[in-house]
1. If I model a spin label as a point 7 Å beyond the Cα along the Cα-Cβ vector, how far apart are those points for Lys165 and Lys352 in nm?
2. So, with a 1.4 angstrom probe, what is the percent of accessible area on the stretch 168-318 that is carbon and sulfur?
3. Which cross-chain or sequence-distant (5 or more) residues have an amide H under 5 Å from the amide H of Val168, H modelled 1.01 Å from N in plane?
4. Applying 1/(1 + (r/R0)^6) with R0 = 60 Å to the Cβ-Cβ distance of Val43 and Arg229, what FRET efficiency is obtained, to the nearest 0.05?
5. Going highest first, how would you order 156-167, 500-511 by mean Cβ packing within 10 Å?
6. Assuming 0.890 mPa s and 25 °C, estimate D for the stretch 19-70 with Stokes-Einstein, Rh taken as the Kirkwood radius over Cα pairs, in µm²/s.
7. Over the Cα atoms, compute the radius of gyration (one decimal) and Dmax (the largest Cα-Cα distance, rounded to a whole number) for the stretch 312-460, in Å.
8. Just the accessible area per residue of the stretch 269-382, please: how many Å² with a 1.4 Å probe?
Amino acid sequence: MAGRGKKEYRLQVEGVGDWLSFLEFPGLTVAEIYSDVFGPCDVMRPTIEKIKIEEEGAMENVQFLQVNLSVMDRDVKRRMAEEKKREVLFEAERAMLAHREATMGRIEEKEEKAKESQEETDDKKDDAEEEENTEDSKNDKFRIPIVDDYTQISPKPFFLFIKNKEVVDLLNSANPPLMRLMTRNALHGQRTSGIEDRKVSLAEKIAMKKARAAEEKRRAEEEAALWARRNVPVAILELQNSETSGSIIRAFQGSEQFDVLSKKTTEEIKKRDEEDGNKLQEGIQVAIDKGVLSEIKEEPQSHRIDVIGKSPEEVADEIIEILQDAPDKGCVMTLEGLSGTGKGTTVSMLKKKLPNATTWSNGDIFRSITLLATKHAEEKKVELLEALTPDNLAGFMAMLKFDTFDDMFDVEINGFGILERVSKVNKTLLKSPEVAKNIPLVASKTQGEVVLFVRGAVAQMAEAGLNVLVEGRRATLNYIDTPHRFELVMADEIEVGRRRAAQRIGAKALEPAKAAGDGNTWGVLVGILDDMQPPIVHEPEPEPEPEPEPEPSPEEKEERKKEEGKKEEGKKEEGKKEEGKKEEGKNEEGKNEERGDEKVHTPDARVEDGKQEGEEKVDTTETAEDRKQAEEKKENTKPEEKKEEAKPEEKKEDITTVEKKEEAKTEEKDAEPEEKDAEPEEKKEEPKPEENNAKPDEKKVEAKPEEKGAKPEEQKEEA
């Protein structure tokens with residue numbers, strides 16, 4: 001709505017007829033196309049006002065229109081209803097005229113019927129053609145020119161620039177600067193945007209709309225499927241079986257972190273299986289060395305079944321198909337493969353599908369032998385290893401009996417006061433700490449004995465019509481007499497690691513997933529995967545090998561020799577100089593020693609004859625003020641105190657020395673002003689090299705006479 005006092009330059013189109021009349025405008029028409037959903041773009045109103053006022057020729061040659069699509073649609077529907085009403089009235093009039101003609105006079109019926117049948121046929125053809133033309137004319141009649149070609153561009157308002165009933169430009173945003181530019185360009189016959197790409201037919205718009213809807217639906221379905229795949233239901237996690245592992249693997253499909261963990265787990269499984277296989281083979285070799293087992297020259301062949309992409313049920317069906325009719329009579333079937341290939345799950349499925357199926361485990365036999373061996377060691381008071389002699393092992397095996405007890409196959413233990421069946425004590429006595437602790441040692445020494453016992457037991461069950469499923473490793477299964485051998489393999493070995501990694505993640509995720517609830521388990525799985533990631537180890541990059549130096553040319557070799565010769569000569573000269581300095585130092589030391597032999601005694605120095613090197617040095621330097629203060633103290637001091645001060649610390653001075661002191665004091669008083677004037681010059685004088693090389697005590701002795709202004713020779717003459 002226009003503001004009060006402002007002129008509205010946008011003209012409202014009230015219907016199709018109004019629109020058609022506006023299109024006859026000879027200049028530029030800028031039509032804003034909008035609907036009731038979003039309304040008009042009022043933010044462009046000031047810009048339109050400026051264009052009309054400021055742009056040259058815009059007032060006369062540009063018209064701005066507002067086209068409400070909702071109003072236009074209602075007008076079209078109204079016109080179509082009026083047209084239909086007119087058609088109905090026209091048909092009614094035709095019927096009335098026909099009825100009147102029939103009542104006024106009848107023509108003979110026979111002639112009329114023949115004509116009518118022919119006319120009906122012709123009329124049907126004409127009606128069909130007329131109907132088609134009517135529909136086309138209706139479509140053309142009620143079609144909104146130009147507007148219908150652009151209604152699918154955007155649900156928001158947009159602007160069409162029309163000249164001579166053709167769209168020359170399009171603005172699909174509320175951009176005032178661009179509006180002014182496009183209006184100016186359109187007035188001068190220039191285009192700002194590629195309008196040809198915008199103009200599409202109604203059929204194309206519908207097809208594009210359908211394609212977008214289909215794409216959005218497909219994406220929504222993919223997101224829903226991804227969400228369902230990743231959020232493993234709690235009920236699946238509670239199963240803790242192959243279905244759980246498969247669901248977790250599918251959830252992490254495409255995850256780089258899960259692939260890294262799977263590769264690491266595969267390497268660990270292969271390494272552990274190899275170690276276990278080597279230990280088992282060592283036990284078999286011990287049995288061969290003892291003569292319990294004979295060495296197998298040629299290993300029996302097994303049916304290899306690739307389990308990738310197959311469920312346990314499919315793997316079991318494939319094995320049953322290979323067995324053919326053997327399960328009907330009773331047979332022994334062995335199953336081997338890497339850890340994680342699904343041996344245990346496959347055996348469980350075969351046990352369900354095969355008639356009279358049972359499984360065999362060597363663990364209870366090893367535990368039974370360990371129980372008997374520990375009892376023997378306790379009775380004989382020996383170490384367990386000493387009890388595992390061939391004779392003792394033969395005795396232990398004689399204490400184990402495999403037979404039917406109460407219509408069931410079982411193993412009876414009879415020895416050292418024990419009379420029990422394995423099925424009754426396999427979860428109590430055979431799981432005692434003493435047995436569990438010693439099983440590894442006993443198993444390493446009794447592989448051969450157990451293999452022979454198992455071979456006889458499974459053959460006895462097969463003869464009774466049972467289908468015995470034996471799972472284990474090739475080293476021991478080779479000694480089982482049966483043609484029905486199967487090995488589960490995976491073409492992609494990493495799948496073994498994927499399954500084992502999924503098992504571990506599923507076990508750890510069960511409780512947190514229960515707390516999170518269905519639909520929130522993906523975050524739990526991702527968190528556990530992050531915690532299980534192996535640490536990243538960065539290997540140091542190898543240091544680049546130094547490049548070999550190129551061989552020097554003969555000229556360079558000669559120059560290097562000359563340089564080395566110069567260096568040698570320089571070293572020799574430096575050595576000579578150092579030797580010369582050492583000799584000079586020795587000479588100076590000799591001179592200083594000679595000077596040190598002569599002791600100089602002065603009253604103020606008070607240097608003792610017995611003073612040694614290393615004693616504490618006393619600074620004897622005096623200034624003129626210090627000497628003046630000392631003289632004043634001496635004048636005020638009694639003659640007795642002066643005499644005591646004049647005495648040396650260790651030796652007594654004679655009368656001549658005292659007289660010398662008094663004369664020196666008198667001269668010192670007379671020379672005191674001169675000494676003050678000369679003091680700066682004395683401080684500036686630098687000691688001679690000989691004085692620097694002298695000992696510290698000698699420096700002090702020589703410095704005292706110079707400070708007092710009288711030399712020792714002058715003191716002697718005055719005396």
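1. Once both label points are built, they end up 7.8 nm from each other.
2. Here carbon and sulfur together make up 50 percent of the probe-accessible area.
3. When sequence neighbours closer than 5 places are left aside, the close amide H contacts are Phe161, Ile162, Lys163.
4. Numbers: r = 47 Å, r/R0 = 0.78.
So, using R0 = 60 Å, E works out to roughly 0.80.
5. 500-511, 156-167
6. 204
7. So, for the stretch 312-460, Rg and Dmax equal 17.7, 56 Å respectively.
8. Here the residues of the stretch 269-382 average 55 Å² of exposed surface.
The values are calculated or read from the model by the stated rules, or taken from the named source; none is laboratory data. If you're wondering where the values come from, they're calculated on a predicted model, not measured in any experiment. With ideal geometry, Cβ positions are generated from the backbone for all residues, glycine too; neighbour counts draw on all protein chains shown. Just so you know, the surface numbers come from the protein's heavy atoms only, side chains and all, with ligands and any DNA or RNA stripped out. Shrake-Rupley method; radii C 1.70, N 1.55, O 1.52, S 1.80 Å.
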